[in-house]
Amino acid sequence: MATEHITPFHGDKEDENPEDFLRSFFRRMGTATDDVKKRQFRYFLQADSAADEWYDGLTTAEKKDWTTVEIAFNKRWPRKKAVKKTKEEYEEEITGFKLRMEDLGKKEKTAGRETYSHIAWADKMDTIVRGAKIEETTTYIGTSERNSPSY
C-alpha cells in the first residue's frame with residue numbers, strides 16, 4: 001500500500017475539504033478491497049471529532065459496506081464547488097497581463113525550474129487562455145501584442 005500521510009478528518013474545521021480527504025484516503029488505500037476500506041475508514045477520522053461522532057451515529061445498514069459508508073459521508077459532507085472565473089474576469093486578467101521591457105532577459109522560477117521571463121510570461125498566458133477556453137480564437141492577440149515590449 002501507498003505511504004501517503006493523511007491528516008485525520010475532523011468534519012468541522014474550516015480549512016478541511018471533505019473531497020480532498022476522500023481522495024487522499026483512496027490514494028492511501030490503493031488497491032485495497034472495499035471491505036478493507038470500510039474497516040479502515042474510521043481510523044482516518046480524528047478521535048472525538050464531529051466526524052468521529054457522525055461515524056458512531058451511523059446505522060448498521062449505513063456501515064454494511066464501503067459504498068454505503070461513502071454515500072453517508074458524501075451526504076453529510078457534500079462536495080463544495082469552487083467559484084469559477086467569469087468571462088469578464090478572464091478578459092481582465094488577459095488584458096492586464098503585461099511583460100515589461102525591463103524584465104526581458106531576467107530569469108525566474110516556474111514549475112520548479114529556472115526559465116527566462118518571456119517564457120514564463122508565455123506559459124502563464126497560455127494557462128490563462130486555456131482556462132478561458134479561447135485558445136482556438138484570435139480575440140486577444142492585438143491586446144497581447146500591445147502589452148508586450150517592442151524593440
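All of the numbers you see were taken from the coordinates with simple rules; none came from a lab. Everything quoted here is computed from the prediction, not taken from an experiment. Here Cβ is always computed from backbone atoms with ideal geometry, including for glycine, and neighbour counts include all displayed protein chains.
Before moving on, here are some points about what is shown:
- Annotation note: trypsin sites (Lys or Arg not before Pro) in the range 86-140 located in DSSP loop regions with a Cβ neighbour count of at most 16 within 10 Å are LYS98, ARG100, LYS106, LYS133.
- Shape call, the range 87-146: gyration tensor on alpha carbons, a/c limit 1.5: prolate
- Each residue in THR138, THR127, THR115 was given a count of other beta-carbon atoms within 10 angstrom of its own, and listing them fewest first yields THR138, THR127, THR115.
- Partners for LYS63 among lysines (Cα-Cα distance below 22 Å; same-chain residues under 8 apart left out): LYS37, LYS38, LYS75
- Net length available on complete extension from THR60 to GLU88 is 5.1 nm, with 0.36 nm assigned per residue and the Cα-Cα distance removed.
- Computed from the Cβ-Cβ distance with R0 of 25 Å, the FRET efficiency linking ARG23 to THR68 stands at 0.80.
- Pairs from the list LYS84/LYS109; LYS98/LYS124; LYS109/LYS133 with a Cα-Cα gap above 19 Å: LYS84/LYS109; LYS109/LYS133.
- Computed magnitude of the charge dipole of the range 18-76 (debye, nearest 20; Cβ of K, R +1, Cβ of D, E -1): 220
- Computed FRET value (nearest 0.05) for VAL36 with GLU16, which takes r as the C-beta separation and R₀ as 22 Å: 0.40
- Spin-label pair ARG130/ARG76, simplified geometry with 7 Å Cα→Cβ offset, distance in nm: 3.8
- Debye equation applied to the C-alpha atoms of the chain, log10 I(q)/I(0) at 0.10, 0.16, 0.19 Å⁻¹: -0.62, -0.87, -1.06
- GluC sites (Glu not before Pro) within the range 12-115, DSSP loop, no more than 10 other Cβ atoms inside 10 Å: GLU14
- Net +/- balance of residues flanking PRO18 in space, Cβ distance below 9 Å, scoring K and R +1, D and E -1: 0
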